[in-house]
Ligand code: NDP
């Protein structure tokens, strides 16, 4: 009875709608700025290899750039591309004054060290927020490019006025690009933030109990439908970062996207939840575009 009542008041955190609003705002800001004679911001996206998911992500980033009036260039390299060549290209892009933002789509083939690639991009052009300088500034609460996925999640929490101060936030997954920065951002003395954060990973003992104690759950482990209804506290806020593409006969593309949360079971118990797709994914792109427009120094 209680659960079905909560289902009625459960709200979807609509990342797709919010990202469209952000795109419109960026577009109109750029129209104004460029009409005064300023240059069009330029993002370069580098894709190495032919991973299907990476192709889709880069294509939607490029499409979103076009939508708001940011120039984008996609550079493709074969899976056998060597590290040295990629680093040289990044160096060239760093020196090119026309280019404001550079992103290298992860994961990279085994022969390329992703840490070297992240460090090669100038921090001022690192719109993905992965450079150690940007990570360090994030930890110190200094102005910097925030990593796009956690930044997108903060924007979503803010838009829906979700109370975060003093809440217990459980982040499952500690990757450099999602879980680790998310845990830091939600622990900072800011809004959204000021949470008491528990960071869980594959060696966590008693994971279900931690999840059950979460007022805010960030599921970023990459295991489809891992989080079940029985693991959720009534009224929790659930952010599902996971995106796993699995073969499906139900869709035209032959693939279906799954989050890390079993939506049908979890949604009736929570106060807010992100759908997959349409939740964190579009917000990651919106955050990337904010960073790109900032890199061109058109936003504070
Ligand atoms: P990684 O594989 O880099 O990290 C996964 C993390 O989850 C690791 O810290 C790992 O622990 C932890 N983990 C794995 N299995 C378990 C388990 N059974 N119990 C507890 N912890 C576990 O993944 P990413 O952070 O890059 O991505 C996570 C998910 O988010 C993926 O589905 C990815 O596709 C998606 N994603 C979505 C984005 C979006 O825009 N919506 C953007 C980026 C990612 P350990 O460290 O011990 O190995």
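Provide a single number: the residues in region 96-112 that are more than 18 Å from residue 145 (Cα to Cα) and either in contact (Cβ under 8 Å) with a residue 12 or more places away in the chain or not assigned by TED's automatic domain parsing to the domain that holds residue 51 (or both).
6
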(request) Looking only at region 214-231, count how many residues are over 18 Å from the mean Cα position of the chain (by Cα) and more than 15 Å from the ligand (Cβ to nearest atom). (result) 3
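Just to be sure I understand, how many residues within region 205-218 are part of a loop (DSSP other than H, G, I, E, B) and in contact (Cβ under 8 Å) with a residue 24 or more places away in the chain?
3
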(request) Scan region 39-57 for residues that are within 15 Å of the ligand (Cβ to nearest atom) and at pLDDT 95 or above and jot them down. (result) 45
(message) Whether any residue in region 278-286 is at pLDDT 95 or above and surrounded by fewer than 19 Cβ atoms within 10 Å (Cβ to Cβ) is what I want to check.
(response) yes
(request) Check region 2-19 and report whether any residue there is out of contact with any strand residue (DSSP E or B) (no Cβ under 9 Å at 6 or more places or on another chain), outside any helix (DSSP H, G or I) and at pLDDT below 95. (result) no
(request) With the condition kept exactly as written, say whether any residue in region 96-111 is surrounded by 15 or more Cβ atoms within 10 Å (Cβ to Cβ) and in a helix (DSSP H, G or I). (result) no
(message) Take residue 165 and tell me if it is more than 17 Å from residue 214 (Cα to Cα), assigned by TED's automatic domain parsing to the domain that holds residue 221, out of contact with any strand residue (DSSP E or B) (no Cβ under 6 Å at 6 or more places or on another chain) and at pLDDT 95 or above.
(response) no
(request) For region 191-211, indicate whether the set of residues that are assigned by TED's automatic domain parsing to the domain that holds residue 152, within 14 Å of the chain's Cα centre (by Cα) and farther than 30 Å from residue 124 by Cβ is non-empty. (result) no
(request) Please determine, by comparing only the residues of region 262-274 that are away from the ligand (no atom under 11 Å from the Cβ) and touching a residue at least 40 places away in the same chain (Cβ under 8 Å), which one is nearest to the chain's Cα centre (by Cα). (result) 273
(request) May I ask you to list the residues in region 232-258 that are under 19 Å from residue 183 (Cβ atoms) and within 16 Å of the ligand (Cβ to nearest atom)? (result) 238, 239, 240, 241, 242
(message) Filter region 149-185 down to the residues that are within 9 Å of the ligand (Cβ to nearest atom), part of a loop (DSSP other than H, G, I, E, B) and within 16 Å of residue 197 (Cα to Cα) and list them by number.
(response) 173, 174, 175, 178
(request) Scan (1) assigned to a helix (DSSP H, G or I); (2) within 16 Å of the ligand (Cβ to nearest atom); (3) touching a helix residue (DSSP H, G or I) at 6+ places or on another chain (Cβ under 9 Å) for the single condition residue 86 breaks and write down its number. (result) (2)
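The values are calculated or read from the model by the stated rules, or taken from the named source; none is laboratory data. What you are looking at is a predicted structure, and each value in this text was computed from that prediction instead of being measured. Heads up, the Cβs are rebuilt from the backbone with ideal geometry, glycines too, and the neighbour counts pull from every protein chain shown.
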